[in-house]
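The values are calculated or read from the model by the stated rules, or taken from the named source; none is laboratory data. On a predicted model such as this, the values are computed, not experimentally measured, just so you know. As a convention, Cβ positions derive from the backbone with ideal geometry for all residues, glycine included, and neighbour counts pool all protein chains shown.
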Amino acid sequence: MALGPAARLPGVLVLLPPSETKRAGGDGPPLHLAALSHPELDPVRKALVDELVGLADDVPACRAALGLSERQLDEIERNAALWTSPTAPAITRYTGVLYDALDVGSMRGAAAGRARERLAVGSALFGLLHADDPIPAYRLSAGSELPAGGTLAVRWKPVLEPVLARLASERLVVDLRSGAYAQLARVPGAVTVTVLAARPDGSRSLVSHHNKSHKGGLARLLVSSRAEPADAAAVARIARRAGHVVERSENHLDLVIPA
């Protein structure tokens, strides 16, 4: 039975986008879908993994489907070995600007424990991952068009949206995913965040690339804090106490930075 907002379990869930770049290697056993959270997603996961492994045999088709250059053949090799390569926890597999700012590896003690409990990643290949879910390095983006047909959103929405809706009924979800990943499945009632640059003349504009760094910093605040935010207003208070300028409209927050 779904829980109402007043009965939510403690602990915010921060939903991150994945990154195109992945850390190589790992010391975990090969991919075993039963080791991942949310087993109801496994049929789509298996279909996509099998499709990527098979597609890797046709390099031109694989490059076209995944948008790869001639210098990215190693990404195809990663996909060819999805069932056999070593795994690592999802939160350490992803790299890049957002994950550098999040910097989970520097957290210690209770803060590290809270982070691992509160972090999740929206994945084009695995749908939804929690911090410790063991995954191999792979290449698949939300906008990829695989030869089997149908967008990834068409494949994921029917199975992923019910999972996200259930989580949102139990915990406050702060959805930091980028647009393409947010389109894979909606999260009802989630707190969303936009990063805006404010110019001296008062005008504002969306921050593009560097929004990842600011969202990573916000995620670090939320997942390491002792506070248990229950709504968007509480999330805004945590950010403001850390010195951020935040404006709220219902469940949406604007994080305002100097241009």
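Numbers for the structure displayed
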| item | result |
| --- | --- |
| Filter result for the condition that a residue is outside any loop (DSSP other than H, G, I, E, B), free of Cβ contacts under 8 Å to residues at least 12 places away in the same chain and of a type outside the set (Phe, Trp, Tyr), over Val174, Val193, Val154, Val159 | Val154 |
| Residue within segment 212-226 that is of a type in the set (Gly, Ala, Ser) and either surrounded by fewer than 15 Cβ atoms within 10 Å (Cβ to Cβ) or over 20 Å from Ala112 (Cα atoms) (or both) present | no |
| Residue within segment 116-126 that is in contact (Cβ under 8 Å) with a residue 40 or more places away in the chain, out of contact with any helix residue (DSSP H, G or I) (no Cβ under 6 Å at 6 or more places or on another chain), crowded, with 20+ Cβ neighbours inside 10 Å and not in a helix (DSSP H, G or I) present | yes |
| Residue match in segment 133-151 (condition: modelled with pLDDT of 95 or more, of a type outside the set (S, T, N, Q) and either on the phi > 0 side of the Ramachandran plot or surrounded by fewer than 19 Cβ atoms within 10 Å (Cβ to Cβ) (or both)) | no |
| Residue that is surrounded by the fewest Cβ atoms within 10 Å (Cβ to Cβ), among those in segment 14-30 that are aliphatic (A, V, I, L, M) and either under 13 Å from Ser123 (Cβ atoms) or more than 19 Å from the chain's Cα centre (by Cα) (or both) | Leu15 |
| Hits in segment 175-186 (condition: closer than 16 Å to Gly11 by Cβ and more than 11 Å from the chain's Cα centre (by Cα)) | none |
| Cross-chain or 6+ apart pairs with Cβ under 8 Å, segment 15-36 first and within 18 Å of Ala80 (Cβ to Cβ), then of a type in the set (Phe, Trp, Tyr) | Lys22/Tyr94; Lys22/Tyr138; Pro30/Trp83; Leu31/Trp83 |
| Candidates Ala120, Ala88 - the one that is of a type in the set (Gly, Ala, Ser), under 18 Å from Lys212 (Cβ atoms) and within 20 Å of the chain's Cα centre (by Cα) | Ala120 |
| Pairs where the first residue, in segment 218-242, is over 22 Å from Val97 (Cβ atoms) and the second is of a type in the set (Phe, Trp, Tyr) and surrounded by 18 or more Cβ atoms within 10 Å (Cβ to Cβ), C-beta under 6 Å, 6+ apart | none |
